Amino acid sequence: MISDIQQDAASRMGKSIEALKHEFSKIRTGRAHPSLLDQISVSYYGTDSSLSQVANIAVEDARTLTITPWEKNMVPVIEKAILKSDLGLNPATNGMTIRIPLPPLTEQRRRELVKVVKHEAENGRVAIRNIRRDANNAIKEALKEKLISEDDARGAEEKIQKITDQYVKEVEKLLEAKEADLLSL
């Protein structure tokens, strides 16, 4: 009973960390990376598809991405989708290849992105604390129904707190790494 609650909490906290990593990957640093275009979707024969499903995305150099669509008629559709995205990118088309030069980030824009990253990290910490609260409520419910003893409940809550602390430290590590990445030139 207690171990199930702890495993569920750890599993959900792990998913929160993965979600945070995904959110961080959307935030652009100065370097080109294919995951930068992950959230862009294009209409492919009437169905919204992710960009990686209709084209090959590659890193040409540190500041340039290249997109090679599987079909020639997708070039203008992909170009329009990139322009409409809120990434601030200007694609340049060369026949079947779309090149996306990434402009260097200004110091002000870097500071704004650091604020966004800190906000995302705080959302991650809040999600982890909410999971801790849910787990502690499940333990208190089990105690109320006399399924576990008070000592077991106290020990389980301490274990849940240790798991929570571990995942909050993971959020802090991710935040530090992303901040350093954003502020490095």
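The values are calculated or read from the model by the stated rules, or taken from the named source; none is laboratory data. Not measured: the values here are computed from a predicted model. Here the Cβ is made from the backbone with ideal geometry for all residues, glycine too, and neighbour counts use every protein chain on show. Surface accessibility is based on the protein's heavy atoms, side chains included, excluding ligands, DNA and RNA. Shrake-Rupley method; radii C 1.70, N 1.55, O 1.52, S 1.80 Å.
In whole Å, what is the distance between the alpha-carbon centres of region 60-119 and region 126-185?
Their Cα centres are 37 Å away from one another.
Once label points are set 7 Å from the Cα along Cα→Cβ at both residue 85 and residue 58, what is their separation, rounded to one decimal in nm?
1.9 nm
With runs of 4+ DSSP H residues as the only contributors, calculate the mean residue ellipticity of the chain at 222 nm using -39,500 (n - 2.57) per run, divided by the residue total and rounded to the nearest 500.
Helix contribution divided over all residues of the chain: -21000 deg cm²/dmol.
Listed here are the pairs 15/169; 140/162; 26/84; 84/178; 26/118; 115/169; which of them are more than 24 Å apart at the Cα?
Table pairs above 24 Å Cα-Cα are 84/178.
Tell me, what HN-Hα J-couplings in whole Hz come from the Karplus equation 6.51 cos²θ - 1.76 cosθ + 1.60 at θ = phi - 60° for each residue of region 83-95, using x for Gly and Pro?
With the stated coefficients, region 83-95 comes to 5, 6, 5, 8, 8, x, 9, 10, x, 10, 9, 9, x Hz.
Which residues' amide hydrogens lie under 5 Å from the amide hydrogen of residue 44, considering only partners 5 or more residues apart or on another chain, with H built in the peptide plane?
The answer is 49.
Using a Förster radius of 30 Å, what is the FRET efficiency between residue 39 and residue 165 based on their Cβ-Cβ separation? Nearest 0.05, please.
0.40
Could you size up the charge dipole of the chain around its Cα centre, putting +1 on the beta carbon of Lys and Arg and -1 on that of Asp and Glu, and report it in debye to the nearest 20?
Taking the Cα centre of the chain as origin, the dipole is about 500 debye.
Before anything else, pin down the relative contact order of region 1-84: Cα pairs under 8 Å, at least 6 apart, normalised by residue count, whole percent.
21 percent
Round to a whole number: what % of the accessible area of the chain belongs to carbon and sulfur, probe 1.4 Å?
Percent of accessible area from carbon and sulfur atoms in the chain: 50.
Rounded, prolate or oblate: which fits region 1-119 when a ≥ b ≥ c are the square roots of the eigenvalues of the alpha-carbon gyration tensor, with rounded for a/c under 1.5 and prolate only if a/b beats b/c?
Oblate, because a/c is 1.5 or more while a/b does not exceed b/c.
Dipole of region 1-93 (Lys/Arg Cβ +1, Asp/Glu Cβ -1, origin at the Cα centre): which of 16, 53, 85 lies farthest to the positive side?
85
Give the residue list of GluC sites (Glu not before Pro) in region 56-110 that are DSSP loop and have at most 14 other beta-carbon atoms within 10 angstrom.
Answer in residue order: 71.
Can you give me the accessible area per residue for the chain, using a 1.4 Å probe, in Å²?
Computed with neighbouring chains in place, this is 58 Å² per residue.
Run the reach check for residue 173 against aspartates and glutamates, Cα to Cα strictly under 14 Å, same-chain hits fewer than 8 apart removed. What comes back?
18, 120, 122, 165, 181
May I ask you to evaluate 6.51 cos²θ - 1.76 cosθ + 1.60, the Karplus curve with θ = phi - 60°, for each residue of region 36-46 and list the ³J(HN,Hα) values in order in whole Hz, giving x for glycine and proline?
Ordered by residue, 3J(HN,Hα) equals 4, 9, 4, 7, 7, 10, 10, 7, 10, 6, x Hz.
Scanning the chain for trypsin sites (Lys or Arg not before Pro) in DSSP loops with at most 16 other Cβ atoms within 10 Å, what's the longest stretch left with none?
Value returned for the longest uninterrupted segment is 64-145.
Please return the longest range in the chain lying between exposed loop sites, taking chymotrypsin sites (Phe, Trp or Tyr not before Pro), DSSP loop only, at most 12 other beta-carbon atoms within 10 Å, and leaving the sites out.
Free of exposed loop sites, the longest segment is 71-185.
So between residue 173 and residue 48, what do we pick up on full extension, going 0.36 nm a residue minus the alpha carbon distance?
Here the answer is 41.5 nm.
Helix 107-144: angle to the longest alpha-carbon principal axis of the chain, degrees 0 to 90, nearest 10?
Once rounded, one gets 30 degrees.
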